[in-house]
Amino acid sequence: MRSDAKARVQAQFGAHAAAYVSAATFRQGATLGALIEAITPQSGQRALDVATGGGHTALELARRGLWVVAGDLTAPMLRAARVHIRAQSFEGAVHYAQLDAEALPFPVGAFDVVTCRVAPHHFPHVARFVRELARVVRSGGTVGVVDIVTPPQPKAARYINAYERLRDPSHIWAYSVAEWQGFFSDAGLRVEHTQLFETRHQLSEWAQRMGRDAPTTLRLAAMLRQAPQPVAEWLRPQFAPSGQDAQFSIWQVLLVGRKE
């Protein structure tokens, strides 16, 4: 990653690590169970969870008998993940590594399963990141990624990415489903599963999780109200009668690929 992008990620997530451990979206969101089911992990396999965040995916892999490396760029996140996993009595099955998702410190074919959930929109070079996942998984191994996505219309994608970046300065870019499928194919991963998920969010809670102040939250609400039609059709905002809060949708894609 570029050094400035790394610094933003570390500052944002280091300051709010505990919130990401406890947030229901990450702890028990529909994509977590779907990811585990789609990659069909087997006891005894070696797994790498990149950008582990609160350690939720790493924990679920350990529950199924895998030997797991939980990796993250941000040291406070790794510490929070370790506390969370230790509390579930699975620490012995999980090992921790501070790492850069775009330059993984592992040899070719080191893992049977590689995962990454709701993080790549923070990475400057997503195609490079996917190539790294493909490099460290063995031939015939499985790569599973979940991330937020944007509509295929370029103007709508730019608006939604600006909205995300206002809430989280470490956000770089969310891609479309077709672009994600292209990343996998270009890295030599045969896409075996694609699934789209809609998650509803309360604007105030979503903004607060990243420490946004009241003026910034008002600007986010204004962007929802003023959204062009393609953006509004994607975000599906609903405003509270009081006008003080709103709900909206974030879409996520789950892709599972097998290394040729």
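The values are calculated or read from the model by the stated rules, or taken from the named source; none is laboratory data. Keep in mind the model is a prediction, meaning the values are calculated, not measured. Cβ sites come from the backbone with ideal geometry, for glycine too, and all protein chains shown count toward neighbours.
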By residue number, the members of the stretch 25-62 that are of a type outside the set (S, T, N, Q), farther than 17 Å from Gln195 by Cα and part of a loop (DSSP other than H, G, I, E, B) are Pro41, Gly44, Ala51, Gly53, Gly54, Gly55
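Here's the yes/no breakdown for (1) closer than 20 Å to Phe106 by Cα; (2) modelled with pLDDT of 95 or more; (3) assigned to a loop (DSSP other than H, G, I, E, B); (4) out of contact with any strand residue (DSSP E or B) (no Cβ under 6 Å at 6 or more places or on another chain):
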{"position": "Leu133", "(1), (2), (3), (4)": "yes, yes, no, no"}
{"position": "Ala156", "(1), (2), (3), (4)": "no, yes, no, yes"}
{"position": "Tyr163", "(1), (2), (3), (4)": "no, yes, no, yes"}
{"position": "Ser170", "(1), (2), (3), (4)": "no, no, yes, yes"}
{"position": "Ala174", "(1), (2), (3), (4)": "no, yes, yes, no"}
Are any of the residues in the stretch 52-65 modelled with pLDDT under 95, under 25 Å from Trp173 (Cβ atoms) and β-branched (Val, Ile, Thr)? no
Considering only the stretch 137-152, state which residues are more than 10 Å from the chain's Cα centre (by Cα) and either of a type in the set (Ser, Thr, Tyr) or crowded, with 21+ Cβ neighbours inside 10 Å (or both). Val137, Ser139, Gly141, Thr142, Val143, Gly144, Val149, Thr150
Please go through the stretch 159-180 and pick out each residue that is within 10 Å of Ile148 (Cα to Cα) and in contact (Cβ under 8 Å) with a residue 40 or more places away in the chain. Trp173, Ala174, Tyr175, Val177
From the list Gly65, Gly109, which one is assigned to a loop (DSSP other than H, G, I, E, B), free of Cβ contacts under 8 Å to residues at least 40 places away in the same chain and either under 24 Å from Gly29 (Cα atoms) or of a type in the set (A, V, I, L, M) (or both)? Gly65
Scope the stretch 86-106; condition at pLDDT 95 or above, outside any loop (DSSP other than H, G, I, E, B) and either of a type in the set (Ser, Thr, Tyr) or surrounded by fewer than 22 Cβ atoms within 10 Å (Cβ to Cβ) (or both); matching residues: His95, Tyr96, Ala97, Gln98, Asp100, Ala103
Hey, among Thr217, Thr142, which residue is farther than 29 Å from Arg128 by Cβ and in contact with a Ser or Thr (Cβ under 8 Å, 6 or more places away or on another chain)? Thr217
Do we find a residue being of a type in the set (D, E, K, R) and within 21 Å of Thr52 (Cα to Cα) anywhere in the stretch 191-203? no
Can you go through Thr40, Thr74 and tell me which one is of a type in the set (S, T, N, Q), in contact (Cβ under 8 Å) with a residue 60 or more places away in the chain and more than 20 Å from Arg138 (Cα to Cα)? Thr74
Can you find, within the stretch 176-212, the residue that is surrounded by the most Cβ atoms within 10 Å (Cβ to Cβ) among those that are modelled with pLDDT of 95 or more and assigned to a loop (DSSP other than H, G, I, E, B)? Ala187
Some residue of the stretch 237-246 being in a helix (DSSP H, G or I) and surrounded by fewer than 17 Cβ atoms within 10 Å (Cβ to Cβ): no
Only residues in the stretch 230-257 that are farther than 30 Å from Pro41 by Cβ count as the first member; pair them with residues that are at pLDDT 95 or above and assigned to a loop (DSSP other than H, G, I, E, B), Cβ under 6 angstrom, at least 6 apart or cross-chain, and list the lot. Pro230/Gln153; Trp234/Pro151; Ala246/Pro237; Phe248/Pro237
Can you name the condition, by its number, that Pro124 falls short on among (1) in contact with a Lys or Arg (Cβ under 6 Å, 6 or more places away or on another chain); (2) closer than 17 Å to Ala187 by Cβ; (3) surrounded by 21 or more Cβ atoms within 10 Å (Cβ to Cβ)? (3)
